[in-house]
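Participant: A single structure is presented below for examination.
Nothing in this text is a laboratory measurement; each read-out follows from the coordinates by a stated rule. Just so we're clear, the structure is a prediction, and the values are computed from it rather than from any experiment. Using ideal geometry, Cβ is built from the backbone for each residue, glycine included, and neighbour counts are taken over all protein chains shown.
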Amino acid sequence: MIYKKLEIKGAYLIEIEPHEDLRGFFARGFCRKEMKEKTGIDFEVCQSNISYNIKKGTIRGMHYQIPPFEEMKIISCVKGAIFDVVLDLRKDSPTYLNWQGFELNEINHKMLLIPKGCAHGFQSLKDETVLNYLVSQYYTPNADSGVRYNDPLINIDFPIKENITISEKDKNHKNWII
């Protein structure tokens, strides 16, 4: 696997190394030992979650869990396509309140590693998009938090502007206060 460091410390864009033949390909999608050797990150999977998104334009996010229940996530898109976003919420980070977005899709097989202390969200770029999340922490409902997806301070540039589908919960997250 290829781990590309991103501007946001601890965030990586991960690319598989497929072994192809007439049947298709086979590739490793996660290896804790390899990740630790190449990045120094010891990612222990506690949960695997699936997100199914019916309509193009669906936004989920920007989600995170508060300490001491912070989580790392590895996001992959197994069907369709998404614009996936990592947002740095670590006040002591040089990239505090910066975000980066990437297209993950069923063709490029890229994954995004979201470090602890960062929020995550995405917008589906195709109908019937399916994501897989590997998560380093158990979901803790009373630690669940979020930042509004269209907070003007952060100004995430989701590619689809009209006909957005978003939950009431995500619409009603508060803007970030410095």
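Participant: Rounded to whole Å, give me the distance from the Cα center of region 44-62 to that of region 77-96.
Facilitator: If you average the Cα positions of each part, the centres end up 13 Å apart.
Participant: Something else: To the nearest 500 deg cm²/dmol, what mean residue ellipticity at 222 nm is calculated for the chain from DSSP H runs of n ≥ 4 alone, each contributing -39,500 (n - 2.57), summed and divided by the residues?
Facilitator: My calculation for the chain gives -1500 deg cm²/dmol from helical runs alone.
Participant: Any idea what diffusion coefficient region 1-68 gets from Stokes-Einstein, in µm²/s, Kirkwood Rh on alpha carbon pairs, 20 °C, 1.002 mPa s?
Facilitator: Translational diffusion coefficient: 141 µm²/s.
Participant: Let me ask something else. How much length is gained if the chain between LYS33 and ASP127 is pulled fully straight, taking 0.36 nm per residue apart and subtracting their Cα-Cα distance, in nm to one decimal?
Facilitator: 30.3 nm
Participant: In terms of modelled amide H atoms, which long-range or inter-chain residues lie less than 5 Å from the amide H of THR129?
Facilitator: Here ASN53 satisfy the definition.
Participant: Quick one: if you take sqrt(5λ) for each eigenvalue of the C-alpha gyration tensor of region 134-178, what semi-axes come out, biggest first, whole angstrom?
Facilitator: So the three semi-axes of region 134-178 are 22, 15, 11 Å.
Participant: Also, I was wondering about something else. Taking a cut-off of 23 Å between Cα atoms, list the lysines near LYS4, but don't count ones fewer than 8 places away on the same chain.
Facilitator: LYS33, LYS36, LYS38, LYS73, LYS79, LYS110, LYS116
Participant: With θ set to phi - 60°, apply the Karplus curve 6.51 cos²θ - 1.76 cosθ + 1.60 along region 46-57 and write out the HN-Hα couplings as whole Hz, x wherever there is a Gly or Pro.
Facilitator: 9, 9, 10, 10, 10, 10, 10, 10, 5, 10, 4, x
Participant: Sticking with this one: Counting only residues 5 or more places away or on other chains, whose amide H sits under 5 Å from the amide H of MET72 once H atoms are built in the peptide plane?
Facilitator: SER136, GLN137
Participant: Can you pull the Kirkwood radius for the chain, inverse mean 1/r over Cα pairs, to one decimal in Å?
Facilitator: When all Cα pairs of the chain are included, the Kirkwood radius is 16.6 Å.
Participant: I've got another one for you. So if I place +1 on the C-beta of Lys and Arg and -1 on the C-beta of Asp and Glu, and nothing else carries charge, what would the dipole magnitude of region 42-178 be about its Cα centre? I want it in debye, nearest 20.
Facilitator: 260
Participant: What lysines sit close enough to LYS174 to cross-link, taking a C-alpha to C-alpha distance under 17 Å and skipping anything fewer than 8 places away on the same chain?
Facilitator: none
Participant: Please say if region 27-108 is rounded, prolate or oblate, where rounded means a/c under 1.5 for a ≥ b ≥ c the square roots of the C-alpha gyration tensor eigenvalues, and otherwise the choice is prolate for a/b larger than b/c and oblate otherwise?
Facilitator: oblate
Participant: Oh, and also: Could you give each residue of region 9-25 its phi-based ³J(HN,Hα) in whole Hz, using Karplus coefficients 6.51, -1.76, 1.60 with θ = phi - 60°, and x for Gly or Pro?
Facilitator: 4, x, 8, 9, 9, 10, 10, 7, 10, x, 9, 9, 8, 5, 7, x, 8
Participant: Could you name the lysines in cross-link range of LYS161, using Cα to Cα under 18 Å and dropping any fewer than eight places away on the same chain?
Facilitator: Cα-Cα hits under 18 Å: LYS55, LYS56, LYS126, LYS171.
Participant: Which peptide among 130-138, 58-66, 15-23, 44-52 comes first, and what is the full order, when sorted by highest mean count of other Cβ atoms within 10 Å?
Facilitator: Answer by packing, highest mean first, reads 58-66, 130-138, 44-52, 15-23.
Participant: Can I ask one more? Kindly give Rg over Rh for region 98-178, based on alpha-carbon atoms, with the Kirkwood expression for the hydrodynamic radius.
Facilitator: 0.93
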